[in-house]
Amino acid sequence: MCFRVTLPFQLELRSGRFCSHPGLTSFFSCKLFIRMRLVILDDYDLASEWAAKYICNRIIQFKPSQGRYFTLGLPTGSTPLGCYKKLIEYHKNGDLSFKYVKTFNMDEYVGLPRNHPESYHSYMWNKFFKHIDIDPNNAHILDGNAPDLQAECDAFEKKIEEAGGIDLFVGGIGPDGHIAFNEPGSSLASRTRLKTLAMDTILANAKYFDGDLSKVPTMALTVGVGTVMDAREVMILITGAHKAFALYKAIEEGVNHMWTVSAFQQHPRTIFVCDEDATLELRVKTVKYFKGLMHVHNKLVDPLYSMKEEN
């Protein structure tokens, strides 16, 4: 069958029909991206703003309502903080509502009390959820203190399925290319599960526990690579020179379970959003190529939509 491609992401069959997904047709003419996308911004703040604008536009164009929720996968860590701050700003300005949004977080420590300042429950509520209008019943975070941890993981997968799958999964990565707690060597088909943390991860997290390794959790519950791959769209935030080699592995080399972020080369709708520092290990021609597409990428966030206009 013949087809015509119209950038940025329109796949039109000669019959005049369009490949589409319910709720996306007002924003995209097609569910598929033509290629993996790398969006390069000058610095962390601009990368965070671009990502927040993209999330905002995706939610608004979906037109969520009672019984028709937009489902969002969310990360923790330092990288998404700037994005969360901008989303809070859009909400407080009346441009964005999370009333009909369901969220699923990537991971949680095992054995850390929910109200511990370093638990991911505390992180999400203090850094994001308490500042927006999301229904607490629609914010799903794994329970690292559940009596049956495997049952908790299975139930989490079931909740995602019952929600209709995840529309947009936002993630960050570690310097070793891990996404969520899918560290090097994790199966690229993995599902939500109990995971023993690598010593490098424990050492990296010690700064959040007063540098005391004995206080750092050694196990966590995490969504799998396969869980994230099932999302209809994935956006990965990568900033800082310390993530540059991981971005290189994700973009310029092949899929490798030792760099789990590389799996998203095979997802039909992946956007990597990064700052200049994160591109330091990429080839000059790679950076030049993707920067040459910024006029296309920026159409995704400009104009920035507002629920004031929708109402």
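The values are calculated or read from the model by the stated rules, or taken from the named source; none is laboratory data. All values derive from a computational prediction rather than experimental measurement. Please note: Cβ atoms are built from the backbone with ideal geometry, for glycine as well, and neighbour counts cover all protein chains shown. These accessible areas exclude ligands, DNA and RNA; they are computed on the full protein's heavy atoms, side chains included. Shrake-Rupley method; radii C 1.70, N 1.55, O 1.52, S 1.80 Å.
Sequence neighbours fewer than 8 away in the same chain don't count; with that in mind, list the lysines whose C-alpha is under 28 Å from Lys158. Straight-distance partners of Lys158: Lys31, Lys63, Lys99, Lys102, Lys127, Lys130, Lys195. With all protein chains kept in place, the per residue accessible area of segment 42-172 amounts to 40 square angstrom at a probe of 1.4 angstrom.
Taking the mean number of other Cβ atoms within 10 Å as a proxy for protection, how do you rank 211-221, 139-149 from highest to lowest?
Top of the packing list down: 139-149, 211-221.
Comparing mean-square fluctuations of Gly82, Gly174, Gly164 from a GNM of the chain with C-alpha springs under 10 Å, the top value falls on Gly164.
How high is the relative contact order of the chain, in percent, counting Cα pairs under 8 Å that sit 6 or more residues apart? List each step's numbers first, then the result.
Numbers: 604 pairs, mean separation 70.8, N = 311.
For the chain, the relative contact order is 23 percent.
Springs join every pair of Cα atoms under 10 Å in this Gaussian network model of the chain, and among Leu247, Leu188, Leu280 the largest mean-square fluctuation is at Leu280. Label-to-label distance, Met219 versus Lys158, with points set 7 angstrom from Cα along the beta-carbon direction: 2.1 nm. Across all directions, the average projected area of the convex hull around the alpha carbons of the chain is 16.3 nm². With a/c under 1.5 counting as rounded, go ahead and sort segment 119-181 into rounded, prolate or oblate using the C-alpha gyration tensor (a ≥ b ≥ c being the square roots of the eigenvalues; past the cut-off, prolate if a/b is larger than b/c, else oblate). Rounded shape, in that the Cα axes give a/c under 1.5. Within the chain, antiparallel bridges make up roughly 40 percent of the DSSP beta bridges whose residues both belong there.
Normalised by 2.2 N^0.38 Å, where N is the number of residues, the C-alpha radius of gyration of segment 203-311 stands at 1.35. Note on Gln266 and Ser65: with the Förster distance fixed at 22 Å, the Cβ-Cβ geometry gives a FRET efficiency of about 0.10.
Our estimate of slack between Asp212 and Asp43, defined as 0.36 nm per intervening residue step minus the Cα-Cα distance, is 57.7 nm.
Projected label points at His257 and Ile202, each 7 Å from Cα along the beta carbon direction, are separated by 2.3 nanometres. Can you figure out the FRET efficiency of Arg191 with Val284, using R₀ = 25 Å and their beta-carbon distance, to the nearest 0.05? FRET efficiency, Arg191 to Val284: 0.05. What whole-number distance in Å separates the alpha-carbon centres of segment 231-267 and segment 51-91? Comparing the Cα centres of segment 231-267 and segment 51-91, I get a distance of 21 Å. Projecting the Cα atoms of Asn126, Pro184, Thr76 onto the charge dipole of segment 58-191, computed from C-beta unit charges around the Cα centre, puts Asn126 farthest toward the positive end.
What's the FRET efficiency of His242 with Val296 using the Cβ-Cβ distance as r and R₀ = 45 Å, to the nearest 0.05? Approximately 0.95, to the nearest 0.05. For the chain, the fraction of 1.4 Å probe accessible surface lying on carbon and sulfur atoms is 52 percent. Evaluated at q = 0.15 Å⁻¹, a Debye calculation over the C-alpha positions of segment 135-228 (equal weights, vacuum) places log10 I(q)/I(0) at -0.66. Using the 1.4 Å probe convention, the accessible area of segment 201-311 works out to 45 Å² per residue with neighbouring protein chains retained.
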